[in-house]
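We did not get these values from a lab; they are worked out from the coordinates using the rules stated. Worth saying up front: this structure is predicted, and the values here are computed from it rather than measured. So basically every Cβ, Gly included, is an ideal-geometry build from the backbone, and we count neighbours across all protein chains shown.
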Amino acid sequence: MTRIVFLDRGTIGPTVDLVRPSAPHDWIEHNATGADEVAERLAGATIAITNKVPLRRPALESLPTLKFITVAATGYDVIDLAACNDLDITVSNVRGYAVNTVPEHTMALMLALRRALPGYRQDVLNGEWQRSGQFCFFTHPVNDLAGTRLGIIGEGAIGQSVARLAQAFGMHTMFAAHKGVDGLGPLYTPFDEVIETANIITLHAPLTPATRDTLAMPEFRRMTRKPIIINAARGGLVNEADAVAALEEGLIGGLGFDVLTTEPPDVDNPILRVAGRPDVILTPHTAWASAEAMRALWAQVVESIDAFLAGTPVRTL
């Protein structure tokens, strides 16, 4: 019978009912799996489900029965696709499930930072309102979204959804041309123009060798409008050490990050050092995780398994 192993069930919220595939199968799930446990836990498995557990060539080469990997995410950088191709292992992912949850989280970060909500909340908790002696006080600047220029790096479904929400707020949206690439057409704004003119820059691109460090100190030094930087896509798109240095030098106006290069972060991650600032918001990779989105994600995972077992795999990579 087909053995299906879910390596990191703990990455899906406990309130989500994990409906099982319709075909006969043996089901094994683990709350979390370390890199050194992958080969042992997938021994004898035909199908693996992973969200963030890396599946690399050494482990894959030791798993002759493994025929299908379904990634419970859109990003698939945890999978060694070249090895899977060599070993005739089909890989699929999920797509389009986060077109509401990630854009809404992105807008929440923009609003909170432009309107200085973290700083004012802390001031109220610290008793500043009571001590002010008047109906309001002004310890942090408050700014509108309307009329601002939003640079969007990544023109996929999520980037497009962010643009629609931003336009409803009266923002001028720009899709950045790919860094170092010319001639993408009139729908794109040159990358350098986005960097130099945006009030807010938000990233919604996959992490690849070409997109790693899309924003680093050379870009921060050209940001004349001191924009807020939002990253709800993948850690590594923004050089974290450079982002903190740019914030401390006053080159940018704030950071709203839902993702980091290493998750959970190492104790020496530079963003942890500034996470308590009123112009920084760090959330633990939860932009994708609305209850509605997780149910939609899981439905695609089950669909991909049933389709593979029926001989018609979907969303293959």
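General observations
- Region 87-195: Cα Rg divided by the 2.2 N^0.38 Å rule of thumb: 1.49
- Sequence of Glu249, Glu128 once ranked by neighbouring C-beta atoms within 10 Å, starting from the fewest: Glu249, Glu128
- 14 Å beta-carbon shell around Thr2, net charge (K/R +1, D/E -1): +1
- Derived scalar couplings ³J(HN,Hα) [region 72-83; Karplus, 6.51 cos²θ - 1.76 cosθ + 1.60; whole Hz; x for Gly, Pro]: 7, 6, 7, x, 10, 5, 7, 9, 7, 5, 4, 5
- Here the convex hull built on the C-alpha positions of the chain has a volume of 158 cubic angstrom per residue.
- Per residue of the chain, the DSSP helices (runs of n ≥ 4 H) give a summed -39500 (n - 2.57) that works out to -8500 deg cm²/dmol at 222 nm.
- Among Phe135, Phe6, Phe175, Phe169, the order by Cβ neighbours within 10 angstrom, fewest to most, reads Phe135, Phe169, Phe175, Phe6.
- Radius of gyration, Dmax [region 241-314; alpha carbons; angstrom]: 18.7, 57
- Within region 236-317: Cβ-based charge dipole about Cα centre, in debye rounded to nearest 20 (Lys, Arg +1; Asp, Glu -1): 260
- The chain: antiparallel DSSP beta bridges as a percent of all, rounded to 5: 5
- Summing Cβ point charges (Lys, Arg +1; Asp, Glu -1) relative to the Cα centre of region 101-282 gives a dipole of roughly 420 debye.
- If the Kirkwood radius is taken over C-alpha pairs of region 101-282, then at 20 °C and 1.002 mPa s the Stokes-Einstein diffusion coefficient equals 128 µm²/s.
- Helix 291-309 axis, angle to the chain major axis (alpha carbon atoms, nearest 10°): 30
- Selected from Val194, Asn93, Thr214, residue furthest toward positive end of dipole (the chain; charges at beta carbon): Val194
- In order along region 104-117, phi translates into HN-Hα couplings of 5, 5, 4, 5, 4, 5, 4, 4, 4, 6, 5, 9, 6, 4 Hz, rounded to whole numbers, per the Karplus curve 6.51 cos²θ - 1.76 cosθ + 1.60 with θ = phi - 60° and x for Gly and Pro.
- Taking the convex hull of Cα positions in region 43-145, its mean projected area over all directions (nm²): 10.5
- Net charge of the neighbourhood of Phe68, taken over other residues with C-beta under 14 Å away and scored Lys/Arg +1, Asp/Glu -1, is 0.
- Between the beta carbons of Gln122 and Asp17, assuming R0 = 35 Å, the FRET efficiency works out to 0.40 to the nearest 0.05.
- Summing +1 for each Lys or Arg and -1 for each Asp or Glu among the other residues whose beta-carbon sits under 10 angstrom from that of Pro206 gives 0.
- DSSP-loop GluC sites (Glu not before Pro) across region 152-216, with at most 16 other Cβ within 10 angstrom: none
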